[in-house]
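The values are calculated or read from the model by the stated rules, or taken from the named source; none is laboratory data. From a predicted model like this one, the values you see are computed outputs, not experimental measurements. Cβ placement follows ideal geometry from the backbone for every residue including glycine, while neighbour counts extend to all protein chains displayed.
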Amino acid sequence: MKWIWQQADWPNFRYDPTTIADREYAFHKGSERLAGLFEALPNNSRVDATIDLMLSEAIKTNAIEGEHLDRMSVRSSLLSLMASDTIPENTDQRAAGAACLLVDVRQNWNQPLSDELLGKWQSMAVPDQRYKLIMRGSYRNDPSAMQIVSGPYGRQTVHYEAPPSSDVPQEMARFIDWYNNSKPSQGQRPLAGLIRAGIAHLWFEVIHPFDDGNGRVGRAIADHALSQSLGYPTTACLATAIAADRKSYYTALESASRKSVDINAWLDYFADRVTRAQEIAKEEVDFVLAKTRFYEAFGNELNERQAKMVTRVFAEGRQGSKGGITTKKYETITKCPNRTASRDLSDLLAKGIITALPGGGRTTHYALSVVAPRTSLFQEPIQRA
């Protein structure tokens, strides 16, 4: 017997909850602090922070599967969903699907899991593909083995083989029953948040019930479980934290899917990723606060072209514009001639709105200036750094 689901005691997972008790406590305290930061934000900034967090998650949960989405397309879809709960018909379907999944999980955080809800999430994660026969919204029924493999054809390495499709309905019925009955404070057999989310993600991935989209739906389930443990939608950027070391994620999943139902190592890995996910969320909120301070200090000093450039840089997220701002990039973004770009950048530099980055050779690279936060409500006007 090679796989965990073939063990006689499957799915009676064994683990020691005391090993992650400190991280469980830290998760809840960190979530309270993040919620407080969100409440302190102005309404517009709160929306910006929410969009930035979901944007990062949508991009990264697809990147984990090797699928790269256009950042601007995903942002546009998220903005449309937040504003009107609809997406324009001509939108990139992959970007729209990723955005819809993130928003739906957030909106339905308190709903019980069901076959229908999971099918809806999978349909969002895997848009209709003309030349690829994939079942959308339903569990797989192909009698051939569902395997995760790598390597050239004929010399492939099998990293995992899921239960046969004939077993999927009963496996999912057992999983969904456990999930809904282990909800903290309301379930018949409540579990701590990190343990429940970690088990739920692993258990779902072991069953691998869909033809495609299992990873994205599995991470959505983990977010759903974390939200239920808090009593409100989590802001932890789990997919972003996982994507930072995708190899370790797959290694942890593969190891946990083999042989023993002892999952202590998996829960330890998962708890560490949730801890990092909260740190990333805090960095995202700090980024939005920095953006707010920047516009308070400099917003009225930007001409139309300069404002367009600044908007584009902030739209790239907390990592900013790769390589900094150059005259060439400014020309491309604003569609102005070289002489105008040079004059605009010189003006920004003279006003302290941008700073020159060290190095860069013959081409000067710039970054937006960081505006120091107020230390008191009665402090002197904002200092420019």
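If you check residue 23 against the conditions, is it within 14 Å of residue 235 (Cβ to Cβ), surrounded by 13 or more Cβ atoms within 10 Å (Cβ to Cβ) and basic (Lys, Arg)? Reasoning before the result, please.
Working: within 14 Å of residue 235 (Cβ to Cβ): no; surrounded by 13 or more Cβ atoms within 10 Å (Cβ to Cβ): yes; basic (Lys, Arg): yes.
It is false that residue 23 is within 14 Å of residue 235 (Cβ to Cβ), surrounded by 13 or more Cβ atoms within 10 Å (Cβ to Cβ) and basic (Lys, Arg).
Of everything in region 310-344, what is outside any loop (DSSP other than H, G, I, E, B) and either in contact with a strand residue (DSSP E or B) (Cβ under 6 Å, 6 or more places away or on another chain) or more than 18 Å from residue 363 (Cα to Cα) (or both)? Give them in sequence order.
Once the filter is applied, which keeps residues that are outside any loop (DSSP other than H, G, I, E, B) and either in contact with a strand residue (DSSP E or B) (Cβ under 6 Å, 6 or more places away or on another chain) or more than 18 Å from residue 363 (Cα to Cα) (or both), region 310-344 yields 310, 311, 312, 313, 314, 315, 325, 334.
Give me a count of the residues in region 245-276 that are touching a residue at least 24 places away in the same chain (Cβ under 8 Å) and closer than 20 Å to residue 205 by Cα. Talk me through it step by step, then tell me what you get.
Kept after step one, since they are touching a residue at least 24 places away in the same chain (Cβ under 8 Å), are these residues of region 245-276: 246, 249-250, 253-254, 256-264, 266-268, 270-276.
Keeping just the survivors that are closer than 20 Å to residue 205 by Cα gives 246, 249-250, 253-254, 256-264, 266-268, 270-274.
Residues that pass the stated criteria total 22.
Does region 55-63 contain any residue that is under 26 Å from residue 282 (Cα atoms), surrounded by fewer than 20 Cβ atoms within 10 Å (Cβ to Cβ) and not charged (D, E, K, R)? Before the answer, list the steps.
Here is the first cut: in region 55-63, the ones under 26 Å from residue 282 (Cα atoms) are 55-63.
With surrounded by fewer than 20 Cβ atoms within 10 Å (Cβ to Cβ) added as a condition, the list becomes 63.
Narrowing further to those that are not charged (D, E, K, R): 63.
Scanning region 55-63 turns up at least one residue that is under 26 Å from residue 282 (Cα atoms), surrounded by fewer than 20 Cβ atoms within 10 Å (Cβ to Cβ) and not charged (D, E, K, R).
Criterion first (crowded, with 19+ Cβ neighbours inside 10 Å, outside any loop (DSSP other than H, G, I, E, B) and at pLDDT below 95) does residue 160 satisfy it? Even if it seems obvious, please write down each step before you answer.
Working: crowded, with 19+ Cβ neighbours inside 10 Å: yes; outside any loop (DSSP other than H, G, I, E, B): yes; at pLDDT below 95: yes.
Taking the combined requirement at face value, the residue satisfies it.
For region 41-97, which residues satisfy the criterion of being outside any helix (DSSP H, G or I), closer than 18 Å to residue 125 by Cα and either acidic (Asp, Glu) or in contact (Cβ under 8 Å) with a residue 12 or more places away in the chain (or both)?
If the condition is that a residue be outside any helix (DSSP H, G or I), closer than 18 Å to residue 125 by Cα and either acidic (Asp, Glu) or in contact (Cβ under 8 Å) with a residue 12 or more places away in the chain (or both), then 64, 65, 67, 69, 70, 85, 87, 89, 91, 92 are the ones that fit.
Could you count how many residues in region 98-111 are closer than 9 Å to residue 125 by Cα and surrounded by fewer than 21 Cβ atoms within 10 Å (Cβ to Cβ)?
Residues meeting the conditions: 0.
Of all residues in region 234-261, which are within 20 Å of residue 13 (Cβ to Cβ) and of a type in the set (D, E, K, R)?
Scanning region 234-261 gives 254, 258, 259.
For region 172-195, indicate whether the set of residues that are under 19 Å from residue 254 (Cα atoms), under 21 Å from the mean Cα position of the chain (by Cα) and in the same structural domain as residue 251 (by TED's automatic domain parsing) is non-empty.
yes
Yes or no: region 318-328 includes at least one residue that is at pLDDT 90 or above, within 30 Å of residue 235 (Cβ to Cβ) and outside the structural domain of residue 240 (by TED's automatic domain parsing).
Taking region 318-328 first, the residues at pLDDT 90 or above are 325-328.
Those still in the list that are within 30 Å of residue 235 (Cβ to Cβ) too: 325.
Filter once more, so that each one left must be outside the structural domain of residue 240 (by TED's automatic domain parsing): 325.
Yes: region 318-328 contains one or more residues that are at pLDDT 90 or above, within 30 Å of residue 235 (Cβ to Cβ) and outside the structural domain of residue 240 (by TED's automatic domain parsing).
Can you say whether residue 170 is modelled with pLDDT of 95 or more and outside any helix (DSSP H, G or I), as far as the supplied structure shows?
Details: modelled with pLDDT of 95 or more: yes; outside any helix (DSSP H, G or I): no.
So residue 170 does not fit the description; no.
When only residues in region 349-373 that are touching an Asp or Glu at 6+ places or on another chain (Cβ under 9 Å) and within 22 Å of residue 288 (Cβ to Cβ) count, which is modelled with the highest pLDDT?
Among those that are touching an Asp or Glu at 6+ places or on another chain (Cβ under 9 Å) and within 22 Å of residue 288 (Cβ to Cβ), it is 353.
Provide a single number: the residues in region 281-331 that are in contact with a Pro (Cβ under 8 Å, 6 or more places away or on another chain) and within 26 Å of residue 50 (Cβ to Cβ).
Filtering region 281-331 down to residues in contact with a Pro (Cβ under 8 Å, 6 or more places away or on another chain) leaves 289, 292-293, 331.
Narrowing further to those that are within 26 Å of residue 50 (Cβ to Cβ): 289, 292-293.
So the answer is 3.
So which pairs qualify, if the first residue must be in region 22-36 and over 21 Å from residue 46 (Cβ atoms), the second must be modelled with pLDDT of 95 or more and among the acidic types (Asp, Glu), the Cβ gap must be under 8 Å, and the two must be at least 6 apart or on different chains?
23/272
Could you please let me know if residue 281 is assigned by TED's automatic domain parsing to the domain that holds residue 40, closer than 30 Å to residue 44 by Cβ and in contact with an Asp or Glu (Cβ under 8 Å, 6 or more places away or on another chain)? If you could, list the steps in order and put the result at the bottom.
Values: assigned by TED's automatic domain parsing to the domain that holds residue 40: yes; closer than 30 Å to residue 44 by Cβ: yes; in contact with an Asp or Glu (Cβ under 8 Å, 6 or more places away or on another chain): no.
Answer is no for this residue.
Residue 142 - would you say it is part of a helix (DSSP H, G or I), surrounded by 11 or more Cβ atoms within 10 Å (Cβ to Cβ) and either out of contact with any Cys (no Cβ under 7 Å at 6 or more places or on another chain) or at pLDDT below 90 (or both)? Quick ask: steps written out before the conclusion?
Values: part of a helix (DSSP H, G or I): no; surrounded by 11 or more Cβ atoms within 10 Å (Cβ to Cβ): yes; either out of contact with any Cys (no Cβ under 7 Å at 6 or more places or on another chain) or at pLDDT below 90 (or both): yes.
When the stated conditions are applied, residue 142 does not pass them.
Which of the residues belonging to region 140-155 are in contact with a strand residue (DSSP E or B) (Cβ under 6 Å, 6 or more places away or on another chain) and either under 19 Å from residue 255 (Cβ atoms) or in contact (Cβ under 8 Å) with a residue 24 or more places away in the chain (or both)? Break it down into steps so the answer makes sense when it comes.
Narrowing region 140-155 to residues in contact with a strand residue (DSSP E or B) (Cβ under 6 Å, 6 or more places away or on another chain): 145, 147-151.
147, 148, 149, 150, 151 - these are the residues of region 140-155 that are in contact with a strand residue (DSSP E or B) (Cβ under 6 Å, 6 or more places away or on another chain) and either under 19 Å from residue 255 (Cβ atoms) or in contact (Cβ under 8 Å) with a residue 24 or more places away in the chain (or both).
Does region 83-95 include one or more residues that are surrounded by fewer than 20 Cβ atoms within 10 Å (Cβ to Cβ), of a type outside the set (D, E, K, R) and either in contact with a strand residue (DSSP E or B) (Cβ under 9 Å, 6 or more places away or on another chain) or farther than 30 Å from residue 139 by Cα (or both)?
Within region 83-95, one or more residues are surrounded by fewer than 20 Cβ atoms within 10 Å (Cβ to Cβ), of a type outside the set (D, E, K, R) and either in contact with a strand residue (DSSP E or B) (Cβ under 9 Å, 6 or more places away or on another chain) or farther than 30 Å from residue 139 by Cα (or both).
Identify the residue in region 26-42 that is of a type in the set (Gly, Ala, Ser) and farther than 15 Å from residue 279 by Cβ and, among all such residues, is surrounded by the most Cβ atoms within 10 Å (Cβ to Cβ).
Just the residues of region 26-42 that are of a type in the set (Gly, Ala, Ser), to begin with: 26, 30-31, 35-36, 40.
Now narrow it down to the ones that are farther than 15 Å from residue 279 by Cβ: 35-36, 40.
Numbers: 35: 15, 36: 9, 40: 11.
This residue is 35.
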